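Worksheet: one structure, shown below.
The values are calculated or read from the model by the stated rules, or taken from the named source; none is laboratory data. This is a predicted model, so every value here is computed, not measured. Methodologically, a virtual Cβ is constructed for each residue, glycine included, from the backbone with ideal geometry; neighbour enumeration extends over all protein chains shown.
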Amino acid sequence: MLDQILILIASGLGSGLLAGILGIGGGVVLVPLLLILNYTPLQAVATSSLAIVITSSSGSIQNWRMGYLDFKRVILLGIPAIITAQFGVIVANYIPEFVLLTAFGCLLIFNIFLSNVRRQLVTTSHLESGSRLSEKIACLCTGGIGGFLAGLFGIGGGVIMVPLQMLLLKETIKVAIQTSLGVIVITSISSCVGHALNNNVLWLVGIILGLGGLIGVQISARFLPRLPDKVVRFCFYFMLAILSVYTFWEAWNIYNTN
């Protein structure tokens, strides 16, 4: 029991470090970890949401203290996310577990593609001179998609919101990371409440993970402004690639045992 608690604390610390540096809630790390510890995919998704509430709140408070949090943008993204997160929870409770994990792996790979699209567009002249999508419409789309995926996969939504903010809202990767972490506070609360109503949350496990993440995100949030964009981008892509391979493997094992 003590060994598992230490593993959970260390894992929460690692997810917190990633949350502050990459603008994610940590769910892309916590969900695979909970699967390794033999929890069901639905328990992993739901419990990850609880841990993310603690981690993202800590990181957002730190960003606010340092003057890097745009509350107006966070609210515009967060309002639609609250609603769509509940739809994600409903879907997660009704689809097969191997389908849930396969979709999660596809999401991770898609984010690498989406981020690369933004990098290519930013070098073209029409991006700067062409008509800009309305900020409110862009925030509605970005927040809505992030919220749905938060409820469906137990993630904060940052893995999809960061590239969408770069693509639709024309934000730099660092600004997108800092803003998305604030929105994740809203999406993770909504997702956690939905899963709690369905009795999917493992409260003690989630709190332990969240407390470890709270420490990690405080450390990483202080270092993000000092890191070159290329370093942040490489870490983001590398993490997504590794986790997608593991998620597909786990989905395949569950499919074969059914």
Filter result (in a helix (DSSP H, G or I) and surrounded by fewer than 19 Cβ atoms within 10 Å (Cβ to Cβ)) within segment 64-81
Trp64, Arg65, Phe71, Lys72, Ile75, Ile79
May I ask you to verify whether Gly213 is of a type in the set (Gly, Ala, Ser) and more than 12 Å from Leu18 (Cα to Cα)?
no
Against the conditions (1) under 18 Å from the mean Cα position of the chain (by Cα); (2) outside any loop (DSSP other than H, G, I, E, B); (3) not acidic (Asp, Glu), where does Val201 fall short? Just the number, please.
(2)
Among residues of segment 246-258, those that are touching a residue at least 60 places away in the same chain (Cβ under 8 Å) and of a type in the set (Val, Ile, Thr), counted
2
Failed item in (1) part of a helix (DSSP H, G or I); (2) in contact (Cβ under 8 Å) with a residue 40 or more places away in the chain; (3) surrounded by fewer than 24 Cβ atoms within 10 Å (Cβ to Cβ), with Ile61 passing the rest
(2)
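Here's the yes/no breakdown for (1) modelled with pLDDT of 85 or more; (2) under 21 Å from Gly88 (Cα atoms); (3) outside any helix (DSSP H, G or I):
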position: Leu107; (1), (2), (3): no, yes, no
position: Asn111; (1), (2), (3): no, yes, no
position: Ser115; (1), (2), (3): no, no, no
position: Thr123; (1), (2), (3): no, no, yes
Has segment 224-232 got at least one residue that is out of contact with any Lys or Arg (no Cβ under 6 Å at 6 or more places or on another chain), in contact (Cβ under 8 Å) with a residue 60 or more places away in the chain and part of a loop (DSSP other than H, G, I, E, B)?
yes
Residues located in segment 215-258, provided they are touching a Ser or Thr at 6+ places or on another chain (Cβ under 6 Å) and closer than 14 Å to Leu101 by Cα
Ala251
Within segment 2-23, is there a residue that is in contact with an Asp or Glu (Cβ under 8 Å, 6 or more places away or on another chain) and either in contact (Cβ under 8 Å) with a residue 40 or more places away in the chain or in a loop (DSSP other than H, G, I, E, B) (or both)?
no
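Which ones in segment 148-174 are in a helix (DSSP H, G or I), of a type in the set (Val, Ile, Thr) and buried (at least 24 other Cβ atoms within 10 Å of the Cβ)? Please lay out each step first, then the result.
In the first step, residues of segment 148-174 are kept if they are in a helix (DSSP H, G or I); the result is 148-153, 158-168, 173-174.
Keeping just the survivors that are of a type in the set (Val, Ile, Thr) gives 159-160, 162, 173.
Those that are in a helix (DSSP H, G or I), of a type in the set (Val, Ile, Thr) and buried (at least 24 other Cβ atoms within 10 Å of the Cβ): Val159, Ile160, Val162.
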Among Ile145, Ile186, Ile254, Ile177, which is the only one that is assigned to a helix (DSSP H, G or I), within 17 Å of the chain's Cα centre (by Cα) and farther than 24 Å from Trp64 by Cα?
Ile145
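Just wondering, is there one or more residues in segment 181-191 that are surrounded by 18 or more Cβ atoms within 10 Å (Cβ to Cβ), out of contact with any Leu (no Cβ under 6 Å at 6 or more places or on another chain) and closer than 22 Å to Pro96 by Cβ? If you could, list the steps in order and put the result at the bottom.
Going residue by residue through segment 181-191, those that are surrounded by 18 or more Cβ atoms within 10 Å (Cβ to Cβ) are 181-191.
Add one more test, that the residue is out of contact with any Leu (no Cβ under 6 Å at 6 or more places or on another chain), and what stays is 181, 184-191.
Narrowing the set further to residues that are closer than 22 Å to Pro96 by Cβ leaves 191.
Yes, segment 181-191 contains a residue that is surrounded by 18 or more Cβ atoms within 10 Å (Cβ to Cβ), out of contact with any Leu (no Cβ under 6 Å at 6 or more places or on another chain) and closer than 22 Å to Pro96 by Cβ.
Do we have any residue at all in segment 233-251 that's small (Gly, Ala, Ser), at pLDDT 80 or above, surrounded by 19 or more Cβ atoms within 10 Å (Cβ to Cβ) and part of a helix (DSSP H, G or I)? Walk me through how you get there before you give the answer.
First, the residues of segment 233-251 that are small (Gly, Ala, Ser): 241, 244, 251.
Then keep just the ones that are at pLDDT 80 or above; that gives 241, 244, 251.
Among the residues that remain, those that are also surrounded by 19 or more Cβ atoms within 10 Å (Cβ to Cβ) are: 244, 251.
This time we only want the ones that are part of a helix (DSSP H, G or I), so: 244, 251.
Yes, segment 233-251 has at least one match.
Give me a count of the residues in segment 198-256 that are small (Gly, Ala, Ser) and over 20 Å from Leu13 (Cα atoms). Full working, then the answer.
To start, the set of residues in segment 198-256 that are small (Gly, Ala, Ser) comprises 206, 210, 212-213, 216, 220-221, 241, 244, 251.
Adding the requirement that they be over 20 Å from Leu13 (Cα atoms) leaves 241, 244, 251.
Residues meeting the conditions: 3.
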